[in-house]
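The values are calculated or read from the model by the stated rules, or taken from the named source; none is laboratory data. Since the model is a prediction, treat every value here as computed from it, not as a measurement. Every residue, glycine as well, gets a Cβ built from its backbone with ideal geometry; the counts of neighbours run over all protein chains shown. Each accessible area value is taken on the protein alone, full model and side chains, heavy atoms only, with ligands, DNA and RNA left out. Shrake-Rupley method; radii C 1.70, N 1.55, O 1.52, S 1.80 Å.
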Amino acid sequence: MRHRRIIAAAGAALALALTGSCDRTNDAASGVGPSPPGPFTVVDGPAGEGSRTPRFAASPGGILLSWQVEEAETGSVRFAELRGGEWSRPRTIVSRDDLFVNWADYPSVVSLGGDGLAAHWLQHNGPGTYAYQVMLSFSGDGGVTWSPPLVPHETRTETEHGFVTLVPGDGALTVVWLDGRAYEVGPGEEMSLRAAALAVPW
């Protein structure tokens with residue numbers, strides 16, 4: 001399964017980056033390369049067959065992982081949390097038949113502290129191939145239930161809106177995205193980088 005070794009690979013990349021940054025001065029002086037990172041423990045992923053678009057985020061107790069699953073006529077965005085080497089039971093954030101699935105643009109889940117979570121996904125808002133918008137939802141109970149989704153951008157043009165980053169703050173959530181509203185005028189227009197600050201609803 002494609003997600004099984006993601007944790008180990010992510011840990012290896014982080015350890016390698018930390019090792020390189022910490023030992024660079026000593027290595028240059030001694031002429032000796034950095035020690036290889038490790039050892040690592042391989043943790044099987046919680047996503048099943050047909051899953052794709054994995055995305056990680058830190059949580060107070062561990063690591064959040066979100067992914068998408070395509071099932072017959074519908075698609076789902078799901079997530080689970082890794083704590084103490086064990087995955088929580090996967091939960092579904094949304095299931096719809098109009099999710100926009102892209103090889104480079106992934107949904108996400110972030111921690112808002114305690115049992116608070118925020119999630120985003122992309123959803124078609126028109127018949128065009130690249131007519132889609134950002135959808136955002138909140139959970140105050142660890143993902144058991146989710147708020148009715150909202151659109152963080154004020155325009156509803158049937159153009160690209162994506163590559164979202166969610167940045168938690170003190171009682172707020174900043175949403176940053178690439179916005180293609182100008183494409184409604186014509187293909188010669190430009191993408192813009194936009195952001196919105198939203199109050200956490202509790």
**Report entry** Options Ala104, Ala80, Ala118; residue that is aliphatic (A, V, I, L, M), within 18 Å of the chain's Cα centre (by Cα) and under 24 Å from Val43 (Cα atoms)
**Finding:** Ala80
Requested in this report: Could you check Thr155 against (1) more than 17 Å from Val200 (Cα to Cα); (2) of a type in the set (S, T, N, Q); (3) touching a Leu at 6+ places or on another chain (Cβ under 8 Å) and say which number it fails?
Outcome: (3)
Query - When residues of region 173-191 are limited to those that are open to solvent by 30 Å² or more (accessible area, probe 1.4 Å) and either among the basic types (Lys, Arg) or in a strand (DSSP E or B) (or both), the one nearest to Gly114 (Cα to Cα) - result: Thr174
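Which members of region 155-164 meet the condition of being open to solvent by 20 Å² or more (accessible area, probe 1.4 Å), out of contact with any Lys or Arg (no Cβ under 6 Å at 6 or more places or on another chain) and free of Cβ contacts under 8 Å to residues at least 40 places away in the same chain? Full working, then the answer.
Here is the first cut: in region 155-164, the residues open to solvent by 20 Å² or more (accessible area, probe 1.4 Å) are 155-156, 158, 160, 163.
Adding the requirement that they be out of contact with any Lys or Arg (no Cβ under 6 Å at 6 or more places or on another chain) leaves 156, 158, 160, 163.
Listed by number, the residues that qualify are Arg156, Glu158, Glu160.
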Report task. Count, please, the residues in region 121-146 that happen to be farther than 20 Å from Pro90 by Cβ and assigned to a loop (DSSP other than H, G, I, E, B). Result -> 7
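Could you check region 40-81 and list, in sequence order, the residues that are of a type in the set (Phe, Trp, Tyr), modelled with pLDDT under 95 and under 14 Å from Leu117 (Cβ atoms)?
Start the filter on region 40-81 by keeping residues that are of a type in the set (Phe, Trp, Tyr), which leaves 40, 56, 67, 79.
Filter again for modelled with pLDDT under 95, leaving 40.
Passing the criteria: none in range.
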Requested in this report: Return yes when Gly180 is touching a His at 6+ places or on another chain (Cβ under 7 Å) and not hydroxyl-bearing (Ser, Thr, Tyr) and no when it is not.
Outcome: yes
Query raised in the report: Out of (1) on the phi > 0 side of the Ramachandran plot; (2) not in a strand (DSSP E or B), what's the single condition that is false for Glu158?
Result: (1)
Query raised in the report: Can you tell me how many residues in region 4-39 are part of a loop (DSSP other than H, G, I, E, B) and either surrounded by fewer than 11 Cβ atoms within 10 Å (Cβ to Cβ) or modelled with pLDDT of 85 or more (or both)?
Result: 6
**Report entry** Qualifying strands (runs of 3 or more DSSP E) (wholly inside region 71-120; at least 3 residues being open to solvent by 50 Å² or more (accessible area, probe 1.4 Å))
**Finding:** 74-83, 91-96
